[in-house]
Structures are given as C-alpha cells and as structure tokens.
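Down below is the structure, laid out as structure tokens.
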Amino acid sequence: SPKGYTAKIVKGKEFQELWQAVRNATSNPDNSQESTADPKLNNPKLMKLDEILTEHFKRKEACGESSRAIVFSQWRDSVQEIVSVLESAQPLLKPRHFVGQGKASSSKEGD
C-alpha cells in the first residue's frame, strides 16, 4: 500500500539525515529553542507582500490619506498564514480573515 511505502521512506536513514539537515538549516541560530516559525522568513512571496503593503500604507499615512487593500489567495489554508504575517505590521495594517463561499460539492453543470 502507498502508506506502507511512505512509512518506510520516512523511517529510512537517508530521509532522517536529510530531515535533520533541513531542520538545522532552517533553525534560528540566535535562539536554539525556537526554529524559524515566522512564515515570512520561509516564504519570499509573504515577505514581498508584507513589504509592499507596509510601504503602501506608510505612504498613504504620510499623505494623510486612508486606504484599503484586499489580498486574494487561491488556497483557503494559506489565509491564516497571510493574516498572521500581516499582523506583525499592526497598527499600520489591520488584517482580517475572510473566506468566501466554497464551491458546492454537488453542483450540476448546465443549470
């Protein structure tokens, strides 16, 4: 079964060595207790999103103007990650979690 193969791979010596190398490479050298849990550090798109929105809202604030922005995501699972990254720029940014209606599982074509 596929699950059996996955377990064999994950428990294998090569995978364990690779996993440890990845953990070492992504751990925070300043604090051995904490790995890089900051999603922004592991995702260049989130870094850029934070940079662009922060710059935009700082510019608008300096001009005495208000502004709003909407960030669209293809994946529902990533919404909370995006919000948590943008929360680091509060009170300049006021991110809110909003997910629209999903597709109906029993949709009929041709209606």
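Throughout, read-outs are computed from the coordinates displayed, never taken from laboratory work. Because the structure is a prediction, the values reported are computed rather than measured. Note that each Cβ is placed from the backbone with ideal geometry, even for glycine, and that neighbours are counted across all protein chains shown.
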Worksheet item: Can you list the HN-Hα couplings for region 54-68, worked out from phi with the Karplus curve (6.51, -1.76, 1.60; θ = phi - 60°), rounded to whole Hz and with x for Gly and Pro?
Response: 4, 4, 4, 6, 5, 5, 5, 5, 5, 8, x, 9, 9, 7, 9
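Per 0.36 nm of contour for each residue apart, how much would the distance between E17 and R96 grow if the chain were fully extended, relative to their Cα-Cα spacing?
24.5 nm
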Worksheet entry | Whole-Hz couplings from phi, Karplus 6.51/-1.76/1.60, listed for region 87-103; x for Gly and Pro | 5, 5, 9, 5, x, 4, 9, 10, x, 10, 7, 9, 10, x, 5, x, 6
Worksheet, complete the sentence: Rounded to the nearest 0.05, FRET efficiency between Y5 and S84 (Cβ-Cβ, R0 30 Å) equals 0.30
